[in-house]
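The values are calculated or read from the model by the stated rules, or taken from the named source; none is laboratory data. This is a predicted model, so every value here is computed, not measured. Areas reflect the complete protein model, heavy atoms only, side chains present, ligands, DNA and RNA absent. Shrake-Rupley method; radii C 1.70, N 1.55, O 1.52, S 1.80 Å.
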Amino acid sequence: MPCRLVDSRPFSDRDGAALRDVCFVMKEAIEHLRQASYLHPTRASGVGDSCEDAPHDTLVPLNTILFPDGRLALQVFEVRYLDMIRKCIANAEEFGVVPLAHGDEVRKPGQHEALAGVGTLASVVDWTAPLPGLMRITCVGTQRFRIVEATQLPHGLWMADIVRLPHDLEIPVPMDQQDVANALGSLIRTLQQRGVTGAQMPMQPPYRLDDSGWVANRWCELLQLDMMQKELLLAQENPVLRLELVQDALTENGLLN
C-alpha cells in the first residue's frame with residue numbers, strides 16, 4: 001500500500017513561492033538547515049482499488065515521520081485513500097501515519113512493503129476537493145503508537161492493532177538543554193521578523209518553548225536525520241532524553257554555540 005499519499009510538488013504556484021520564502025529565511029537563520037522545502041513533504045498516492053470499509057486503525061505508510069503536534073500536508077488521489085480519508089472526516093476519526101521500513105509509497109505490482117514499529121495518529125484539520133478524485137488535506141499529529149500486528153488488505157490498504165503510547169509529560173526544559181530551546185526560539189523570531197505568517201511557518205503555534213517534548217519534536221522535524229534515527233526518536237518515551245538526543249545532533253552539526 002505505499003501511498004505516495006502525499007506529493008512533493010507544491011499545491012499551487014503561490015503556495016510554492018511562500019514555501020521558498022520560508023526556506024530562504026531558514027537558510028539564513030540556521031545555515032545547516034538546508035533544503036527546508038522537505039520539512040513538510042507533500043506526497044501523493046497513485047490510483048488504486050476502492051476500499052469497502054476502512055478500519056478504524058488504518059495506516060498510511062510514508063517516507064516521512066509525523067510527530068505529535070506536527071503538521072503534514074497530503075494530496076490524495078488514490079481511490080482507497082480517498083474513501084478512507086472521507087470516512088475519517090465524516091466520523092471525526094484519526095488514521096495512523098507510519099514510516100516505511102522497506103518499499104515505496106506508490107503501490108507497484110509485486111512490491112513488498114515493510115512498516116516501522118511506531119507511528120503517530122493524525123487528525124484531519126483542513127481539507128479541500130479541488131477536482132473530482134482529488135483531495136488536499138492538512139493533518140496534525142496527535143498521539144504516538146506502537147504496532148502490535150499489521151495486515152495489508154487485498155486492495156492494498158493497511159490496517160493494524162495498535163497500542164497508543166502515553167502523551168509526553170509536560171516537563172520544563174532542563175537548564176542543560178536550554179540552548180536547544182533558545183535556538184528554536186531564535187529561529188521562530190527570525191521568521192516572524194521576516195514577515196513569515198503562521199500558516200507558512202514550519203511549526204505551528206502555540207510555541208511551547210518551555211516544554212521538553214514540544215521542543216524536541218519540532219527539532220526532530222527540522223533536522224536532516226535518516227529515517228532510522230527519526231524512528232528511534234519517535235519511539236523514545238522520555239521527552240527529556242529525546243531532547244538530549246536532539247541536543248547531541250545539533251551539537252554534532254555545529255548548530256549550537
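So here's what we get for this one:
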| read-out | value |
| --- | --- |
| Heavy-atom accessible surface of the stretch 185-257: percent carbon and sulfur, 1.4 Å | 47 percent |
| Computed log₁₀ I(q)/I(0) - Debye formula, equal Cα scatterers, no solvent, the stretch 157-257, q 0.21 Å⁻¹ | -1.13 |
| Distance histogram for the stretch 62-218 (every C-alpha pair counted, 5 angstrom bins, percent rounded to whole numbers) | 2, 8, 15, 17, 18, 15, 11, 8, 4, 2, 0 |
| Under the Karplus curve 6.51 cos²θ - 1.76 cosθ + 1.60, θ = phi - 60°, whole-Hz ³J(HN,Hα) for the stretch 210-222, x wherever Gly or Pro sits | 9, 10, 4, x, 5, 4, 4, 5, 5, 5, 4, 6, 7 |
| Computed Rg/Rh of the stretch 203-257, alpha carbon atoms with Kirkwood Rh | 0.94 |
| In order through the stretch 172-180: 3J(HN,Hα) via Karplus (6.51 cos²θ - 1.76 cosθ + 1.60), integer Hz, x for Gly, Pro | x, 5, x, 4, 5, 10, 5, 5, 5 |
| Average accessible area per residue (Å²) across the stretch 126-257 - probe 1.4 Å, nucleic acids and ligands excluded | 51 Å² |
